[in-house]
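Below: one structure, written as structure tokens.
The values are calculated or read from the model by the stated rules, or taken from the named source; none is laboratory data. Computed from a predicted model, the values in this text were never measured in an experiment. Here the Cβ is made from the backbone with ideal geometry for all residues, glycine too, and neighbour counts use every protein chain on show.
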Amino acid sequence: MVHLRPIATNELARVEEIDVSESGHAIYSVVAGRLALKEETWQRPHRSADQWQPYIEQWKAMVEGRGAAIGALAGRRLIGIAVVRYRLTESMAQLAALFVDSAHRREGIATALMADVIRLARAAGAHELYVSATPSESAVGFYISQGFALAALVNKDLYDREPDDIHMVRQVETLLQ
């Protein structure tokens, strides 16, 4: 049985327990303001502790500032994580991370984590939620299924860091009401 709970900053390194490896044969890009799917083989390998470290440091700053981390656990093992920053802008929160272990995908874990992120963002006063999504067909498809659409205005800092990502926004007042 999977349960969700807050993850403290000193537990963020447990993200190493999550196997994020994935591969596919199509990716999205934005062409003339619209999503375009193109055939392209891609692969994301398992990440080492060293590869996770920059992410962990960013997440610590977010959680210690105005944000939260939520973990999905199967027994004692971390199999999913979401990190939310409550104030990307005055009225917009940011989904900074959402990962589910490769052996536990398509079990509703990402959807449950997303619902918790939305609840927390709404409680913090956000009206919108921003995500800079990996351009994979599975990631973008998931966010679309959760009510996200292309951002009319991309966040410059996030875009400069990840220009190949698909920058998306959704309203948070309308989910789960």
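Which numbered condition in (1) surrounded by 16 or more Cβ atoms within 10 Å (Cβ to Cβ); (2) in a strand (DSSP E or B) is the only one that VAL15 fails?
Status for VAL15: all satisfied but (2).
To keep it simple, each residue is scored yes or no on (1) part of a strand (DSSP E or B); (2) exposed (fewer than 14 other Cβ atoms within 10 Å of the Cβ).
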position: TYR28; (1), (2): yes, no
position: LEU35; (1), (2): yes, no
position: THR41; (1), (2): yes, yes
position: LYS60; (1), (2): no, no
position: GLY80; (1), (2): yes, no
position: ALA97; (1), (2): yes, no
position: ALA126; (1), (2): no, no
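In region 128-148, how many residues are assigned to a loop (DSSP other than H, G, I, E, B), over 20 Å from GLU90 (Cα atoms) and of a type outside the set (S, T, N, Q)? So that I can check it myself, show each step before the final result.
From region 128-148, those assigned to a loop (DSSP other than H, G, I, E, B) are 134-135, 146-148; that's our starting set.
Going one step further and asking which of them are over 20 Å from GLU90 (Cα atoms), we end up with 134-135, 146-147.
After this cut, where a residue has to be of a type outside the set (S, T, N, Q) as well, the list is 135, 147.
So the count comes out to 2.
Just to be sure I understand, how many residues within region 149-165 are assigned to a helix (DSSP H, G or I) and either among the β-branched types (Val, Ile, Thr) or touching a residue at least 40 places away in the same chain (Cβ under 8 Å) (or both)?
Just the residues of region 149-165 that are assigned to a helix (DSSP H, G or I), to begin with: 156-161.
The next check asks that each one be either among the β-branched types (Val, Ile, Thr) or touching a residue at least 40 places away in the same chain (Cβ under 8 Å) (or both); those that pass are 158.
Residues flagged as assigned to a helix (DSSP H, G or I) and either among the β-branched types (Val, Ile, Thr) or touching a residue at least 40 places away in the same chain (Cβ under 8 Å) (or both) within region 149-165 amount to 1.
Please indicate, with yes or no, whether at least one residue in region 72-80 is at pLDDT 95 or above and small (Gly, Ala, Ser).
Yes, because at least one residue in region 72-80 is at pLDDT 95 or above and small (Gly, Ala, Ser).
Can you tell me which residue among GLU128, GLU137 is in contact with a strand residue (DSSP E or B) (Cβ under 7 Å, 6 or more places away or on another chain), within 18 Å of GLY67 (Cβ to Cβ) and in contact (Cβ under 8 Å) with a residue 12 or more places away in the chain?
Details: GLU137 fails: within 18 Å of GLY67 (Cβ to Cβ).
So the residue among GLU128, GLU137 that is in contact with a strand residue (DSSP E or B) (Cβ under 7 Å, 6 or more places away or on another chain), within 18 Å of GLY67 (Cβ to Cβ) and in contact (Cβ under 8 Å) with a residue 12 or more places away in the chain is GLU128.
Take the residues in region 99-124 that are farther than 21 Å from ASP165 by Cβ and hydrophobic (A, V, I, L, M, F, W, C), then tell me which one is surrounded by the most Cβ atoms within 10 Å (Cβ to Cβ).
ILE109
Looking only at region 43-58, count every residue that is surrounded by 10 or more Cβ atoms within 10 Å (Cβ to Cβ) and either of a type in the set (Val, Ile, Thr) or not in a helix (DSSP H, G or I) (or both) and tell me the total. Steps first, answer last, please.
Initially, region 43-58 is screened for residues surrounded by 10 or more Cβ atoms within 10 Å (Cβ to Cβ), giving 44-47, 49, 51-53, 55-58.
Now restrict to residues that are either of a type in the set (Val, Ile, Thr) or not in a helix (DSSP H, G or I) (or both): 44-47, 56.
Of the residues in that region, 5 qualify.
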